[in-house]
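Here is the structure we will look at.
The values are calculated or read from the model by the stated rules, or taken from the named source; none is laboratory data. Being a predicted model, the structure only gives us computed values, none of them experimental. Every residue, glycine as well, gets a Cβ built from its backbone with ideal geometry; the counts of neighbours run over all protein chains shown.
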Amino acid sequence: MAVTLTALDVMRDAAVIPVIVLDDVAHAVPLARALVAGGIRMLEVTLRTPVALRCIEAIAREVPDAVVGAGTVRSAEDAKASLRAGARFAVSPGYTARIGQACRDIGLPLLPGVATGSEILAAQEDGYTELKFFPAQQSGGVAMLKAWQGPFGDVRFCPTGGVNASNAPDYLALANVACVGGSWLTPPEAVASGNWEGITGLAAHAKGLARR
Ligand code: 3PG
């Protein structure tokens, strides 16, 4: 991997970026190790729980083979706090110029979320051409991505939201999809019960998914 991580590096490492929700800091390190053991290193820990930043810190400190990022980044402040915690990339559910500027200022690679042509244009105006399509399945799915191939042929997407092991291959077959995101690698019951082997199995399957 390049010394300076880019959003494209984040997307190209594996076919799936796991979207992770953690309620307990004690789960962060074993979960990250389980995903890395299955070949998935780019880990998106969402800022949706009070312990999320501490989980990012723990993974950054204790799992050197993982590249931990922050998901659900909704403000410039979220981006700065994520960087301080050790996040190496950020994913946002939408896009604002302020978030884009903050991430550029602090050198944090950002995958901004978009769901419409106007949002793609806004992100592109600010130099972002690797984008999360969110929520993908609910916003038109594979058909929407095909429609975007004409006007936005230079954009690479990471569809997320409603993507799972069954429909991921349909997305990954598209030329404008670099990877997909989803929570199916980390089922809440498997995390709660510490079924790390099960999670490694899900990660290994995801790692083996073919891409164009
Ligand atoms: C996200 O939180 O970014 C997505 O909602 C994950 O969606 P999923 O739970 O449908 O995979």
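Can you tell me which residues in region 142-170 are within 15 Å of the chain's Cα centre (by Cα) and under 15 Å from LEU209 (Cβ atoms)?
Step one: list which residues in region 142-170 are within 15 Å of the chain's Cα centre (by Cα), which gives 156-164, 168.
Within region 142-170, CYS158, PRO159, THR160, VAL163, ASN164, ALA168 meet the criteria.
How many residues does region 147-163 hold that are within 16 Å of the ligand (Cβ to nearest atom) and either part of a loop (DSSP other than H, G, I, E, B) or surrounded by fewer than 20 Cβ atoms within 10 Å (Cβ to Cβ) (or both)? Spell out the reasoning first.
Taking region 147-163 first, the residues within 16 Å of the ligand (Cβ to nearest atom) are 157-163.
Next, from what is left, pick out any that are either part of a loop (DSSP other than H, G, I, E, B) or surrounded by fewer than 20 Cβ atoms within 10 Å (Cβ to Cβ) (or both): 161-163.
Within region 147-163, residues that are within 16 Å of the ligand (Cβ to nearest atom) and either part of a loop (DSSP other than H, G, I, E, B) or surrounded by fewer than 20 Cβ atoms within 10 Å (Cβ to Cβ) (or both) number 3.
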Complete set of residues in region 80-98 that are touching a strand residue (DSSP E or B) at 6+ places or on another chain (Cβ under 7 Å) and either more than 16 Å from the ligand (Cβ to nearest atom) or of a type in the set (Val, Ile, Thr) (or both): GLY86, ARG88, VAL91
Within region 60-78, considering residues that are within 14 Å of the chain's Cα centre (by Cα) and among the hydrophobic types (A, V, I, L, M, F, W, C), the one farthest from VAL10 (Cα to Cα): VAL73
Test: GLU197 is away from the ligand (no atom under 16 Å from the Cβ), at negative phi and not in a strand (DSSP E or B): yes
Filter result for MET42 (buried (at least 20 other Cβ atoms within 10 Å of the Cβ), touching a strand residue (DSSP E or B) at 6+ places or on another chain (Cβ under 9 Å), within 23 Å of VAL177 (Cα to Cα) and modelled with pLDDT of 95 or more): yes
Some residue of region 127-137 being more than 15 Å from the ligand (Cβ to nearest atom) and on the phi > 0 side of the Ramachandran plot: yes
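Residues checked against (1) part of a helix (DSSP H, G or I); (2) within 15 Å of the ligand (Cβ to nearest atom):
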residue	(1), (2)
GLN101	yes, no
LEU108	no, no
SER118	yes, no
GLY181	no, yes
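I need the full set of residues from region 1-33 which are among the small types (Gly, Ala, Ser) and closer than 23 Å to GLY162 by Cα, in order please.
Filtering region 1-33 for residues among the small types (Gly, Ala, Ser) gives 2, 7, 14-15, 26, 28, 32.
Within region 1-33, ALA7, ALA14, ALA15, ALA32 qualify.
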Neighbours by Cβ (under 8 Å, 6+ apart or cross-chain): first from region 79-101, under 17 Å from VAL67 (Cα atoms); second away from the ligand (no atom under 14 Å from the Cβ) and hydroxyl-bearing (Ser, Thr, Tyr): ALA90/SER82
Test: residue in region 54-70 that is touching a strand residue (DSSP E or B) at 6+ places or on another chain (Cβ under 9 Å), closer than 27 Å to ASP154 by Cβ, modelled with pLDDT of 95 or more and within 15 Å of the ligand (Cβ to nearest atom): yes
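Quick grid of which residues meet (1) at pLDDT 95 or above; (2) farther than 30 Å from LYS146 by Cα; (3) outside any loop (DSSP other than H, G, I, E, B):
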| position | (1), (2), (3) |
| --- | --- |
| VAL29 | yes, yes, yes |
| ARG33 | yes, yes, yes |
| ARG48 | yes, yes, no |
| ALA87 | yes, yes, no |
| TYR95 | yes, no, no |
